[in-house]
Amino acid sequence: SSSSYMPLRRSDSVADMMPEALRQSRYQMKRCFQRYVSKGRRLMKNQQLMEELEASAGDDKPEKARLAEGFLGYVICSTQEAVVLPPLVAFAVRTNPGVWEFIRVHSGDLSVEEITPSAYLKCKETLYDEKWARDDNSLEVDFGALDLSTPHLTLPSSIGNGMQFVSRFMSSKLSGKPESMKPLLDYLLALNYRGEKLMISDTLDTADKLQTALLLAEVFISSLEKSTPYQQFEQRFQEWGLEKGWGDTAETCRETLNFLSEVLQAPDPINMEKFFSRVPSVFNIVIFSIHGYFGQEKVLGLPDTGGQVVYILDQVRALEQELLQRIRKQGLNVTPRILVLTRLIPDAKGTKCNVELEPVEHTKHSSILRVPFKTDDGKDLRQWVSRFDIYPYLERYAQDSSVKILDILEGKPDMVIGNYTDGNLVASLLSSKLGVTQGTIAHALEKTKYEDSDVKWREMDHKYHFSCQFTADMIAMNTSDFIIASTYQEIAGSKDKPGQYESHYAFTMPGLCRYATGVNVFDPKFNIAAPGADQSVYFPFTQKQARLTDLHPQIEELLYSKEDNDEHLGYLQDRSRPIIFSMARLDKVKNITGLVEWYGENKKLRDLVNLVIVGGLLEPSQSNDREEIEEINKMHSLMDKYQLKGQIRWIKAQTERVRNGELYRCIADTRGAFVQPALYEAFGLTVIEAMNCGLPTFATNQGGPAEIIVNEVSGFHINPLNGKEASDKIAAFFQKCKEDPTYWNKMSTAGLQRIYECYTWQIYATKVLNMGSMYGFWRTLNKEERQAKQLYLQMFYNLQFRQLVKTVPKVGEQPAQPTTGS
Ligand code: UDP
Ligand code: LCN
């Protein structure tokens, strides 16, 4: 019989549509659900659910197709995972980025019920810790319940545009009665630099008075020559109650006055944003990046030391420039300061990580400030500590660094920005203590890197201490005023795959804590500001006059000398071939060994190109990082297995940025390509470095690179889970280039174009300083609710986080006994 399918209205809620769908294809559904429950209790992921749905149609091909296209197919296809507890099956359905629904279906009578995230999580916990799941008083946290009056975005496509939404919402909130302006007025009245008033004086204490003053000033100033310096009319401004900060010339002052007049008359988002981009509210910034070796020389490629360091140093340079330009335009004579806080490591291993204060190169007012970790007996901890084991040192670190910061800045910073879990937690402690605006950056959230790391936290805790890490992440995300993400996918993923932040929406760590709402990606605190690459280091290979030819002999040796030494292994027999190049820390997720294996397996590719790898150390005995050691061993065994010598060059981690820039360009000279094969990459700075140098790039479709590169337009996506397909794709490219050399140039140019349009530090700095200013005001609204949440977070920190920290051994201590024999 032909079954009739209901018309799909995909915007409707799944729970609402389900009963009707069931009525229409009851028989197939029953078969499918029988399969789901037949194997007993378990967690099923999307792929398994789809496979079993297909299998339930047996050999009937048309039936299979109908199922896949029908409503059930749609629901299962959108289901991220399902918990099977016969006879019930609970589904976590994600119909759109950020949009989740939880439903429970009875496999016998096919009744459907919508359930809360908490109820869904309880089902899931049953699989791992039944007693805890059934305990009415197990710890449940719902941060969402604490921001009831925070407005939320509703459109998935707007996620990451928080600032725009905030300025719209503020516009409507400040509209209407004159009293509505009070928060803005109070904010302006409080503006000062070290006690000296800015913009308005205390006399302008009502919106009316302010409006009148603005009007007088505007009329007066339009009669002046545009370039008239502020000093010439400063006196007049003061008579009206206007202080410094409006501008350096008549023209800029007039603009700023006008933006505010417009806002006072009838607030609109455009003038609101423009006004806030002018407000002198940020002069001193503190940035936390604690773990790893943080330095400017000889640190890159060391364990835990990669893109985050590059990102921050470039970020500081860009922010300082933008600050200087803004301050000048505000007509102020203020020196901005940026401090990057990291840890001081006495055993610095040839780096400068044992130096307390170090100026940041190419800046005038920015420094790295290093504060040591302390042992229990008050001594400086001498050695490097893995980011996974760092938790016991952070609270003390926050206290010690806050003393130093206040001392050096001679007061509070105006904004703190954290990086990664450790930096964000310390930034949270500091911002709560000092009451300053906080921004959060996560170069990678570990939760999504390790499958089921939330429900299986217990198994992994002795190695990774995720119990501490995820708790700290939750505290930071919820304390922070704004969150800076590099890409949309970092927040809300893609059509099929949840984003890093999104995966913290509702999750559970059975036996520890259930997050009914962890963080909601529709919160307007989320913003995208993509980093760039330093264009003085990474510039196109075609810029002949700028090329660093002095370095060519060294690079020549690095790539082509025939002998193995302690810098490189393997050699390239046929120099005429193009090179495919990859460079990364030798971590498992970077999947460098995967690339070597694909290359080894693919005869065609091996005939076309040579392979050059930069990463890690060459001998396991030289490393003290668990994962790196495993990967080093794997590299050796793959080189043996596929007899790669003669076709591969493996060079150890390279710490000279400038030389690396030239290295990318030398690879481009061979008309080669860059390959970034990571199993998952949060952003992927090497991808934009390579593209900046004009090197055609193949990068993982898992994470940031999928957004940086438009597939087949400005580069290529490869699927790291399908090595054959990936290596065939690379081979096909080189085959095509052989036949049509212009194809290589076309891809090279298209990559550059993409970079110039979207990935530069200038664009970034403007956005981030606007955030600082805008969210600095935003946090003054809704004070009571914020304070209540802050108290709750403090309690959570004290009762939960501090207890968990005790399970992490300090350096030299015996690890806590694992609870199960593993
Ligand atoms: N890098 C380097 N030498 C190495 C490996 C990496 O200089 O041996 C640099 C690379 O050029 C890039 C950064 O380290 O600037 C890595 O950043 P990415 O975002 O690719 O990855 P992460 O290491 O942050 O995960
Ligand atoms: C850390 C990572 O893992 C990369 O994906 C990023 O590109 C880098 O930090 C800079 O944000």
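Return yes when residue 390 is among the aliphatic types (A, V, I, L, M), within 15 Å of ligand 1 (Cβ to nearest atom) and farther than 30 Å from residue 229 by Cα and no when it is not. No: the conditions fail for residue 390. Of the residues contained in region 666-682, none is found to be under 28 Å from residue 744 (Cβ atoms), within 16 Å of ligand 2 (Cβ to nearest atom), out of contact with any helix residue (DSSP H, G or I) (no Cβ under 7 Å at 6 or more places or on another chain) and hydroxyl-bearing (Ser, Thr, Tyr).
Within this structure, residue 590 passes the test of being open to solvent by less than 40 Å² (accessible area, probe 1.4 Å), within 16 Å of ligand 1 (Cβ to nearest atom) and not aromatic (Phe, Trp, Tyr). Within region 116-137, is there a residue that is in a loop (DSSP other than H, G, I, E, B), at pLDDT 95 or above and open to solvent by less than 30 Å² (accessible area, probe 1.4 Å)? Within region 116-137, none of the residues are in a loop (DSSP other than H, G, I, E, B), at pLDDT 95 or above and open to solvent by less than 30 Å² (accessible area, probe 1.4 Å).
The residues of region 780-801 that are over 13 Å from residue 276 (Cβ atoms) and in a loop (DSSP other than H, G, I, E, B), listed by number, are 781, 782.
Condition first: without any contact (Cβ under 8 Å) to a residue 60 or more places away in the chain and assigned to a strand (DSSP E or B). Now tell me which residues in region 325-345 satisfy that. Across region 325-345, the qualifying residues are 338, 340, 342, 343, 344.
For residue 623, the conditions (1) among the small types (Gly, Ala, Ser); (2) within 24 Å of residue 664 (Cβ to Cβ); (3) modelled with pLDDT under 95 all hold with the exception of (2). Against the conditions (1) open to solvent by less than 50 Å² (accessible area, probe 1.4 Å); (2) more than 20 Å from residue 776 (Cβ to Cβ); (3) among the hydrophobic types (A, V, I, L, M, F, W, C), residue 185 satisfies every one except (2).
Select from region 118-156 the residues that are polar (S, T, N, Q) and out of contact with any helix residue (DSSP H, G or I) (no Cβ under 9 Å at 6 or more places or on another chain) and write down the one among them that is nearest to residue 92 (Cα to Cα). Once the filter is applied, the top-ranked residue is 118. Counting only residues that are open to solvent by less than 10 Å² (accessible area, probe 1.4 Å) and over 23 Å from the mean Cα position of the chain (by Cα), region 690-712 holds 4 of them. Considered as a group, the residues in region 219-239 that are of a type in the set (Ser, Thr, Tyr) and either in a helix (DSSP H, G or I) or in contact with a strand residue (DSSP E or B) (Cβ under 7 Å, 6 or more places away or on another chain) (or both) include one that is surrounded by the fewest Cβ atoms within 10 Å (Cβ to Cβ), and that residue is 227. Condition first: hydrophobic (A, V, I, L, M, F, W, C) and within 12 Å of ligand 2 (Cβ to nearest atom). Now tell me which residues in region 271-301 satisfy that. Across region 271-301, the qualifying residue is only 300. The set of residues in region 413-449 being at negative phi and surrounded by fewer than 16 Cβ atoms within 10 Å (Cβ to Cβ) consists of 433 alone.
Taken as a whole, region 282-291 holds at least one residue that is part of a loop (DSSP other than H, G, I, E, B), over 27 Å from residue 206 (Cβ atoms), among the small types (Gly, Ala, Ser) and open to solvent by less than 10 Å² (accessible area, probe 1.4 Å).
So which residues in region 450-463 are crowded, with 20+ Cβ neighbours inside 10 Å and either within 23 Å of residue 393 (Cβ to Cβ) or without any contact (Cβ under 8 Å) to a residue 40 or more places away in the chain (or both)? Within region 450-463, 453, 457, 461 meet the criteria. Out of all the residues in region 402-412, is one or more open to solvent by less than 30 Å² (accessible area, probe 1.4 Å), of a type in the set (A, V, I, L, M) and within 16 Å of the chain's Cα centre (by Cα)? No, region 402-412 has no match at all.
Of all residues assigned to region 634-647, at least one qualifies as being modelled with pLDDT under 95, within 25 Å of residue 608 (Cβ to Cβ) and either open to solvent by 20 Å² or more (accessible area, probe 1.4 Å) or of a type in the set (S, T, N, Q) (or both). Within region 476-498, the set of residues being open to solvent by less than 10 Å² (accessible area, probe 1.4 Å) and in contact with a Phe, Trp or Tyr (Cβ under 8 Å, 6 or more places away or on another chain) comprises 477, 482, 483, 485, 487, 490, 491, 492.
Does residue 486 qualify as being hydroxyl-bearing (Ser, Thr, Tyr), within 16 Å of ligand 1 (Cβ to nearest atom) and without any contact (Cβ under 8 Å) to a residue 24 or more places away in the chain? Considered against the rule, which asks whether it is hydroxyl-bearing (Ser, Thr, Tyr), within 16 Å of ligand 1 (Cβ to nearest atom) and without any contact (Cβ under 8 Å) to a residue 24 or more places away in the chain, residue 486 comes out as no.
Restricting 597, 631, 627, 567 to residues that are more than 27 Å from the chain's Cα centre (by Cα), under 29 Å from residue 702 (Cβ atoms) and in contact (Cβ under 8 Å) with a residue 40 or more places away in the chain narrows the list to 597. Within region 648-689, if we keep just the residues that are more than 7 Å from ligand 1 (Cβ to nearest atom) and of a type in the set (Lys, Arg), the residue that is most open to solvent (accessible area, probe 1.4 Å) turns out to be 671.
With respect to (1) under 24 Å from residue 382 (Cα atoms); (2) away from ligand 2 (no atom under 16 Å from the Cβ); (3) acidic (Asp, Glu), the lone exception for residue 304 is condition (2).
Residues are listed down the side, and each one gets a yes or a no for (1) in a helix (DSSP H, G or I); (2) open to solvent by 20 Å² or more (accessible area, probe 1.4 Å); (3) within 30 Å of residue 383 (Cβ to Cβ); (4) modelled with pLDDT of 95 or more:
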site	(1), (2), (3), (4)
735	yes, yes, no, yes
751	yes, no, no, yes
762	yes, yes, no, no
765	yes, no, no, yes
808	no, no, yes, yes
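When the residues of region 602-633 are filtered to those that are open to solvent by less than 30 Å² (accessible area, probe 1.4 Å) and small (Gly, Ala, Ser), the one that is nearest to ligand 2 (Cβ to nearest atom) is 615. In the set 305, 342, only one residue is in contact with a Phe, Trp or Tyr (Cβ under 8 Å, 6 or more places away or on another chain), open to solvent by less than 10 Å² (accessible area, probe 1.4 Å), within 16 Å of ligand 1 (Cβ to nearest atom) and modelled with pLDDT of 95 or more; that residue is 342. Summed over region 573-601, the residues that are within 13 Å of ligand 2 (Cβ to nearest atom) and assigned to a loop (DSSP other than H, G, I, E, B) give a count of 7. Taken together, 81, 69 contain a single residue that is within 19 Å of residue 36 (Cα to Cα) and open to solvent by 10 Å² or more (accessible area, probe 1.4 Å), which is 81.
Residues are listed down the side, and each one gets a yes or a no for (1) among the polar types (S, T, N, Q); (2) in contact with a Lys or Arg (Cβ under 9 Å, 6 or more places away or on another chain):
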| residue | (1), (2) |
| --- | --- |
| 582 | yes, yes |
| 599 | no, yes |
| 605 | no, no |
| 614 | no, yes |
| 645 | no, no |
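The values are calculated or read from the model by the stated rules, or taken from the named source; none is laboratory data. Just so it is clear, the model here is predicted, and its values are computed rather than measured. Neighbour counts run over all protein chains shown; Cβ positions are idealised from the backbone, glycine included. Keep in mind that these areas ignore ligands, DNA and RNA; they rest on the heavy atoms of the full protein, side chains included. Shrake-Rupley method; radii C 1.70, N 1.55, O 1.52, S 1.80 Å.
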